[in-house]
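Since the structure comes first, as structure tokens, the remarks are kept for the end.
The values are calculated or read from the model by the stated rules, or taken from the named source; none is laboratory data. Values in this document were obtained by computation on a predicted structure and should not be read as measured data. Because the Cβ atoms are built from the backbone with ideal geometry, glycine has one as well, and the counts that use them run over all protein chains shown.
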């Protein structure tokens with residue numbers, strides 16, 4: 001049975017220094033209960049909001065990373081140390097997929113020269129990704145291009161036509 005003056009969360013006004021502190025705690029518990037009771041609706045709303053504003057979130061994320069380069073670098077270093085086996089597995093999987101995507105008629109010496117001639121500040125990229133969502137390309141010379149690191153990160157695993 002609740003004590004007189006006790007609200008639904010069991011808070012008593014006399015346990016707080018001021019009404020403002022009491023109200024702050026009451027509101028915090030009210031929000032928490034609301035989030036628990038409506039977890040699925042909130043999750044669905046947040047998901048649709050994110051999907052409708054992906055470009056904004058990408059821009060905010062990119063800006064934050066640019067402002068916090070040292071923090072990001074340190075995080076990546078720690079992640080690499082803690083997850084070496086995951087990274088090795090991912091790299092092995094990529095190399096295997098590259099081998100599978102390399103036809104026998106592919107000119108490996110020309111591909112190797114293309115990699116060696118990559119300008120400083122650029123990366124070699126597959127125009128049509130080796131493991132794309134809708135289509136997968138081959139590891140052949142005419143499927144390679146030079147992109148800056150930022151362009152390559154932006155492109156990710158997508159087919160994009162770069163019009164200049």
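The table for this structure:
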| read-out | value |
| --- | --- |
| From the options 76, 68, 46, 61, residue that is outside the structural domain of residue 143 (by TED's automatic domain parsing) and surrounded by 12 or more Cβ atoms within 10 Å (Cβ to Cβ) | 68 |
| Odd one out for residue 29, checked against (1) within 30 Å of residue 154 (Cα to Cα); (2) surrounded by 10 or more Cβ atoms within 10 Å (Cβ to Cβ) | (1) |
| Residue count for the range 7-26, restricted to those that are touching a helix residue (DSSP H, G or I) at 6+ places or on another chain (Cβ under 8 Å) and assigned to a loop (DSSP other than H, G, I, E, B) | 4 |
| Complete set of residues in the range 140-154 that are modelled with pLDDT of 85 or more and either in a loop (DSSP other than H, G, I, E, B) or closer than 22 Å to residue 110 by Cα (or both) | 140, 141, 142, 143, 144, 145, 146, 147, 148 |
| Members of the range 60-116 that are outside any helix (DSSP H, G or I) and modelled with pLDDT of 90 or more | 68 |
